[in-house]
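Structure record follows, encoded as structure tokens.
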Amino acid sequence: MKITDFFRKKSSSEVAKDRLKFLLVSDGLCSPEVMELIKNDIIEVISKRLEIDAQGLEIQLTETETEDNGRAPTICANIPIKSIRRK
């Protein structure tokens, strides 16, 4: 990582990815405020390519079983798509 990386503006997808990493690292413990920030980031990123019903978007944090019989946090999103944006 370069020192200049700290001063460049991150894209919305990079911010969303960082927040999702934070969520997974925190072992699924997420405050409502952080969940709302993640929801807003997902809306922003997806809205670049799809017209969605943001009011109908649902995001849940659940757990799934892993191959080694452990459990891992999982984000489940229900995103109503109105149409695909054409370039």
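Let's see how each residue does on (1) touching a residue at least 12 places away in the same chain (Cβ under 8 Å); (2) under 19 Å from SER13 (Cα atoms); (3) in a helix (DSSP H, G or I):
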residue	(1), (2), (3)
VAL34	yes, yes, yes
ILE38	yes, yes, yes
VAL45	yes, yes, yes
GLU51	yes, yes, no
ILE59	yes, yes, no
THR64	no, no, no
ASP68	no, no, no
CYS76	yes, yes, no
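I'd like the residue in segment 1-20 that is more than 18 Å from the chain's Cα centre (by Cα) and hydrophobic (A, V, I, L, M, F, W, C) and, out of all such residues, is modelled with the lowest pLDDT. Quick ask: steps written out before the conclusion?
At the first step, the residues of segment 1-20 found to be more than 18 Å from the chain's Cα centre (by Cα) are 1-9.
If we keep only those that are hydrophobic (A, V, I, L, M, F, W, C) too, we end up with 1, 3, 6-7.
Numbers: MET1: 48, ILE3: 52, PHE6: 53, PHE7: 60.
The selected residue is MET1.
Restricting to segment 30-58, count the residues that are of a type in the set (Ser, Thr, Tyr) and surrounded by 10 or more Cβ atoms within 10 Å (Cβ to Cβ).
Filtering segment 30-58 for residues of a type in the set (Ser, Thr, Tyr) gives 31, 47.
Narrowing the set further to residues that are surrounded by 10 or more Cβ atoms within 10 Å (Cβ to Cβ) leaves 47.
So the count comes out to 1.
Which residue is farthest from the chain's Cα centre (by Cα), if the candidates are limited to segment 59-87 and must be small (Gly, Ala, Ser) and surrounded by 10 or more Cβ atoms within 10 Å (Cβ to Cβ)? Give the derivation first.
From segment 59-87, those small (Gly, Ala, Ser) are 70, 72, 77, 83; that's our starting set.
Checking the rest, the ones that are also surrounded by 10 or more Cβ atoms within 10 Å (Cβ to Cβ) come to 72, 77.
Details: ALA72: 16, ALA77: 9 Å.
By that ranking, first place goes to ALA72.
What are the residues in segment 37-87 that are among the hydrophobic types (A, V, I, L, M, F, W, C) and more than 24 Å from ASP18 (Cα to Cα), if any?
So in segment 37-87, the residues among the hydrophobic types (A, V, I, L, M, F, W, C) come out as 37-38, 42-43, 45-46, 50, 52, 54, 57, 59, 61, 72, 75-77, 79, 81, 84.
Matches in segment 37-87: ILE81, ILE84.
The values are calculated or read from the model by the stated rules, or taken from the named source; none is laboratory data. This is a predicted model, so every value here is computed, not measured. When we count neighbours, we look across all protein chains shown, and the Cβ atoms used for this are built from the backbone with ideal geometry, even at glycine.
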